[in-house]
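Student: Mind looking over this structure? Questions follow.
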Amino acid sequence: DLTGLPIANASLLDEGTANHDALGLAEAIDYLGAELETAASWDASFVSLHVLTPRLAPALQLLAEVVLTPTFPEAEVERVRDERLAYLLQQQDEPRALASRAFAGVVYGAEHPYGAPVLGTRESVARLDRDALVEFYRTYYRPNNAFLVAVGDVDAATLLPLLEQAFAGWTPAEVPAIRVPPPPPAGATAIHLVDRPGSAQSEIRVGLAGPPRATPDYFPLVVMNTVLGGSFTSRLNMALREERGYTYGAGSGFDFRQGAGPFVASSAVFTGVTDSALVVFFDEIRRIRDEPVPAEELDRAKNYVALGLPRGLETTAEVAARVAEIELYGLGDDYLTRYMDRVRGVTAEDVQRVARRYLDPDHLAVIVVGDRGEIEEALGRLGIGAVRPRAVE
């Protein structure tokens, strides 16, 4: 069970190395005017470095030190574990966290890796110890399981000798393949109600398992979602916020991952309009499936997506993140050069096709976190699906 382990492991890489304790490492990085961060996502762990080019050589030594010789001090492991447990305890009273956790549990189930929070559960975090972290590090942190992206005023002839020197001691080894299983088949649409007595608002999640990041339908899906709920002027936000005043904001999105990440539409609405808001979600999902998107609305969505590319490539860090995404998901060396054409090539037929394929109103998971006594009866009258009380651990 790796639940929560990759993120805990990444967060501890810079808390002590063979040559520095956590404070000494922070001081060495500050002395160079550099920034060094460690993190992990659903699909990968990252160590990032930002430094002025004249100080690249010593900064790379520190980067390599963090990657090659972390010590996972027992005291730091205990601190991180206790902080995570405290955070997870706080999340038990946070409606958005309750809704997100319930949604993952309904869509993926307890046995699927996506069925639990990426930070882990209280049970999995409580089991974290130094031995598990060291074993995970030794197993997965190998050069044959990694890649490096460099962006800045440096060429390969200068950079490669520095990298070869800094990472000379890193040895390859066999790395177990991690394969994300397919999600379980989606059940009939049902409303899963998490009771939060006295709540003035209801948190709503509507969705299902979507496709992986490498899907050939990526660009039609992004454009389709931009129309539905991916921008301020999207249909969901306009209908729920601007036209009806039910909420401060509503939207939707695909969380594209190595495996079949989720599609979720969400909002927090006033308790008294919970049922009415849910009707809007279903109406808009059905509309984008059943009616071709008008040309003007489609063009606006495509421009929004296309113009987002240069906005997201303004800094070296943003360029590095995009190149890392291309490498991680095997998107191809021509991904950026073809990006604009692929967005502009999306047609109204493409949008309707992917909406019909990936958004099924008869097989949606609906999560509502709110005052059960105030909303259960009205939700039951909607005819959307059975209302099932649900507890969230």
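Student: Bin width 10 Å, alpha-carbon pairs only: give the P(r) of segment 82-239 as whole percents, running from 0 to the bin holding the largest distance.
Tutor: Reading the bins upward from 0: 7, 21, 28, 25, 15, 4, 0.
Student: Further, regarding this structure: Can you give the calculated 222 nm mean residue ellipticity of the chain, where each DSSP H run of n ≥ 4 adds -39,500 (n - 2.57) and the sum is split over every residue, rounded to the nearest 500 deg cm²/dmol?
Tutor: One gets -14000 deg cm²/dmol as the mean residue ellipticity at 222 nm.
Student: Of the accessible area of the chain, with the probe set at 1.4 angstrom, what percent is carbon plus sulfur?
Tutor: Carbon and sulfur atoms account for 51 percent of the accessible area of the chain.
Student: Helix 22-31: angle to the longest alpha-carbon principal axis of the chain, degrees 0 to 90, nearest 10?
Tutor: Taking Cα atoms only, the helix is inclined about 80 degrees.
Student: Roughly how many Å² of Glu74 are accessible to a 1.4 Å probe, to the nearest 10?
Tutor: Per-residue accessible area (Glu74): approximately 90 Å².
Student: Label segment 226-299 by shape, choosing from rounded, prolate and oblate, from the square roots a ≥ b ≥ c of the eigenvalues of the Cα gyration tensor; if a/c is under 1.5 it is rounded, and otherwise prolate applies when a/b is larger than b/c, oblate when it is not.
Tutor: Since a/c reaches 1.5 but b/c is at least a/b, the shape of segment 226-299 is classed as oblate.
Student: What is the mean projected area of the alpha carbon convex hull for segment 31-169, to one decimal in square nanometres?
Tutor: 10.8
Student: How big is the charge dipole of segment 80-213 about its Cα centre, in debye rounded to the nearest 20, if each Lys and Arg gets +1 on its Cβ and each Asp and Glu gets -1 on its Cβ?
Tutor: Roughly 340 debye, rounded to the nearest 20.
Student: If you don't mind, there's one more thing I want to ask. Checking the a/c ratio against 1.5 first, then a/b against b/c, what shape does the Cα gyration tensor give for segment 195-257?
Tutor: It comes out oblate by the Cα gyration axes.
Student: With all protein chains present, calculate the accessible area of Phe254 using a 1.4 Å probe and round the result to the nearest 10 Å².
Tutor: 30
Student: If you don't mind, another one. When DSSP assigns beta bridges and you keep just the ones with both residues in the chain, what percent turn out antiparallel, to the nearest 5?
Tutor: 75
Student: Hey, quick one: spin label on Ser48, modelled 7 Å out along Cα-Cβ, who in segment 323-341 has an amide N within reach, i.e. under 18 Å?
Tutor: Residues passing the 18 Å test: 323-329.
Student: Could you pull the Rg and Dmax for segment 249-342, using just the Cα atoms, both in Å?
Tutor: Computed over the Cα atoms of segment 249-342, radius of gyration and Dmax are 17.4, 51 Å.
Student: Could you give the distance between the Cα centres of segment 121-155 and segment 237-259, to the whole Å?
Tutor: Segment 121-155 and segment 237-259 have Cα centres spaced 34 Å from each other.
Student: Using a Gaussian network model on the chain with a 10 Å cutoff between Cα atoms, which of Ser48, Ser202, Ser266 fluctuates the most?
Tutor: Result: Ser48 has the largest fluctuation of those listed.
Student: Further question on the same structure: For the chain, which semi-axes, largest first and in whole Å, follow from the square roots of 5 times the eigenvalues of its Cα gyration tensor?
Tutor: Largest first, the chain gives 40, 27, 18 Å.
Student: Mind running the shape call on segment 12-69? Use the C-alpha gyration tensor, a ≥ b ≥ c as the square roots of the eigenvalues: rounded below 1.5 for a/c, prolate if a/b tops b/c, oblate otherwise.
Tutor: oblate
Student: Below 8 Å, C-alpha to C-alpha, sequence gap of six or more: please give me the relative contact order for segment 1-50 in percent.
Tutor: Value for segment 1-50: 34 percent.
Student: Given a 1.4 angstrom probe, what's the average accessible area per residue across the chain, in square angstrom?
Tutor: Per-residue value: 50 Å².
The values are calculated or read from the model by the stated rules, or taken from the named source; none is laboratory data. The structure presented is a predicted model; accordingly, all values stated were derived computationally and were not measured. Note: ideal-geometry Cβ built from the backbone for every residue, glycine included; neighbour counts use all protein chains shown. Ligands, DNA and RNA are stripped out before the accessible areas are found, and what is left, the full protein with its side chains, is counted by its heavy atoms. Shrake-Rupley method; radii C 1.70, N 1.55, O 1.52, S 1.80 Å.
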